[in-house]
Structure formats: structure tokens, C-alpha cells
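Below is one structure, written out as C-alpha cells, with a few remarks after it.
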Amino acid sequence: MFSEWGITQPLWLALLPLVLLLYLRRRQSKAPWPNLYRRERIRFPLLDELSEDRQGFSVHQPRREGLLFLSIAVLILALAQPVLYRDQIELPEQKDPVDLVLLVDTNITMVLKDYFDDEQPIERMSLTKELLSGFVKEFQGNRIGLSIMGNPPLHWLPFTEDKAAVSDAVSRIRVTMGGRLSDMSASLKLVSDHYPTELNPVVVMITDSGMQLGEVAPQLAAKRLADSGYTLYVIAIGSTELTQEQKTRAGFVYDPVDLLLLEEVAKAGAGKLFHAQTIDAFEEALQTISHEQTSQSRAIKTLRLVDPLYPWFILFGISLLLSAFTRRGV
């Protein structure tokens, strides 16, 4: 059952007052049509003959002209597309297209083994690659790109819809392939320079670093990225401190991840910070990002069914028009 009437193109209704004004002007003046708006410099050679032809359409015939103006008004209503609104239907969940950039840190500290699976230590880089492969496989967005966070950073893979190619690129990431340290600011700038998109760009930066290299602060680089339309999520991996045994085994000076700095960077990038202290926390961070961005639903969830009425208005208007031209007499 329909619930209400409606007009889908209401701007056409603005012509109705003009038709009404022309009709009122015609009723006030009984002059032939050529003299309704007579111009001084225009002459009609057969004006007298047309004025005396009462069987033609040039003389004032109220009934006929009333039908003519009514038909014009009905045809204008048809252009406005009147409809009957009926019940609503629920639309299936729709996804907004998302372009995703993975920014993976490859500095020397990614060799540390401070994650454990059944008491078996796992290297940070190995865990990162394993979880990212699953994340790529379940990705529901549009395209994925991959860059290496290093000093200097590397543009590793441009945007592509080929998930197999992305998974292969992830599997080939190696520690220190971008250098022993990471320049976070330069890495964020590389993303904005090499991944232009008109969709909803999302950057997922995975790092265990807290050092600042270069002249530009990471917070400023993240702010510029956000101003370009990107949303930056930061996943901080690794422990905030290591035991003396772990430091000795690592064989290098280690500065734990700076959560305060990374939180400021994520906030400046209009995103969030996740601290993946465990394997489960790492997986949960990726799932949260996927839920918030790559599965973002559109606002329209229902659709109203309509029955168009304008074909009936067109038929009625044409009938009135034919009646006006075939009608005889005044």
C-alpha cells in the first residue's frame, strides 16, 4: 500500500505560474494571437484574413484555449515526475571503496624475538609478515600498496588489486632492506608522494621505532598526510623494555618503542595507536582497523519503492491537447 504522494523533479513546477500568467493575459485580451503581444515593427501580411477566420485558431475561443492551457499544465506536471511512495526495503550492506597503504618498518630491531607462541620465541619481522599476509587475504577494500619504512624509505609496491602480488611482496620483506634505522617523517612523506587516490586512503604503519631522524618532526609529517585526506593507523610492536639477557642476545644498543611519540603521530594523522604487546593484540589491532575502515558502511541502508505516475499525466495532457485542436466553435 502506498503511503504518500511525491514529486521527484519539483523544479519543473516553476513553469506553472508562467502558464497561468499567459492564460490570464489571453482572457483579458480578445485580440487574435498575433496581436496578443504586438510589436511595432512587425507586420503580418495576412493579419486581417486571420482575424476574420473564426474556424481557425487565431480568434479568441475560451473553451478551446482553456483546454490548450490545461494540457500544457498537465504536461508540466508530468515533467515534474509525480510518484506514489510505497514500502521501504532494506539494502544489502554496501562498502565504501578504500585504498590501503602498508608501511612496514625494517630497522635492525625487527630481529628481536620478544613474542611468544607456546613459549616459542618469534621474531618481530616474521610475526609481522605472517599477520599481514592474513590481513591482506581478508581485505575488503579496493587496492593495496606497500612501502618500506627505512632510511631512506622504499616505494616497494604501487596500488594494486592483486592480493597475491601484495602477499608475495610482503613475504619478501627483509630486515634492514631499508637500512639499519628508520626515518619516520620521510616514510610518511613517501606515502603522500607515491599513492595519490580519490578514494578513502588509509595508512597502516607498523613500527617498533621511536627515533626521530631528519629535520621534519614525525608529527608534522603525519599532519600533512592527514591534510591530504589520509587516515593514519600506527601499530607499535615489541616490548617497551627488554631484560638484560635479551639486550645481550640482541648485540646492539636498543631503545624501546616510544609510545608517547607514536600516539602523537597517530593523533596528528587523524587515526589511532595500537600497542601490540602480544600476538593476540597484534591480530586484534589489524581486525579493528579492518572493521573501522575497509568495511565502512554507507549511510543509505533502505530504499523506498515508488510507482511512477507521469505516464498517465502525459496521456491525459496529450488527450487534452488533441481535444483542443479538434474542438470547433467558440
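The values are calculated or read from the model by the stated rules, or taken from the named source; none is laboratory data. Just so it is clear, the model here is predicted, and its values are computed rather than measured. Here the Cβ positions follow ideal geometry from the backbone for every residue, glycine too, while neighbour counts run over all protein chains shown.
Answer yes or no as to whether LEU132 is under 20 Å from GLU292 (Cβ atoms), buried (at least 22 other Cβ atoms within 10 Å of the Cβ) and at pLDDT 95 or above.
Judged against the criteria, LEU132 is not a match.
Determine, yes or no, whether ASP227 is of a type in the set (D, E, K, R), surrounded by fewer than 19 Cβ atoms within 10 Å (Cβ to Cβ) and within 16 Å of PRO158 (Cβ to Cβ).
No; evaluated as a whole, the condition is false for this residue.
Quick one: is ALA276 over 29 Å from the mean Cα position of the chain (by Cα), farther than 13 Å from MET205 by Cβ and in the same structural domain as ASP117 (by TED's automatic domain parsing)? Spell out how you get there, then give the answer.
Values: over 29 Å from the mean Cα position of the chain (by Cα): yes; farther than 13 Å from MET205 by Cβ: no; in the same structural domain as ASP117 (by TED's automatic domain parsing): yes.
So ALA276 does not fit the description; no.
Being modelled with pLDDT under 85 and among the hydroxyl-bearing types (Ser, Thr, Tyr) is the filter here; which residues of segment 311-330 pass it?
Those that are modelled with pLDDT under 85 and among the hydroxyl-bearing types (Ser, Thr, Tyr): SER323, THR326.
Can you name every residue in segment 120-161 that is touching a Ser or Thr at 6+ places or on another chain (Cβ under 8 Å) and small (Gly, Ala, Ser)?
Residues satisfying the conditions are SER133, GLY141, GLY145, SER147, GLY150.
Considering only segment 161-209, state which residues are at negative phi and β-branched (Val, Ile, Thr).
Once the filter is applied, which keeps residues that are at negative phi and β-branched (Val, Ile, Thr), segment 161-209 yields VAL166, VAL170, ILE173, VAL175, VAL191, THR197, VAL202, VAL203, VAL204, ILE206, THR207.
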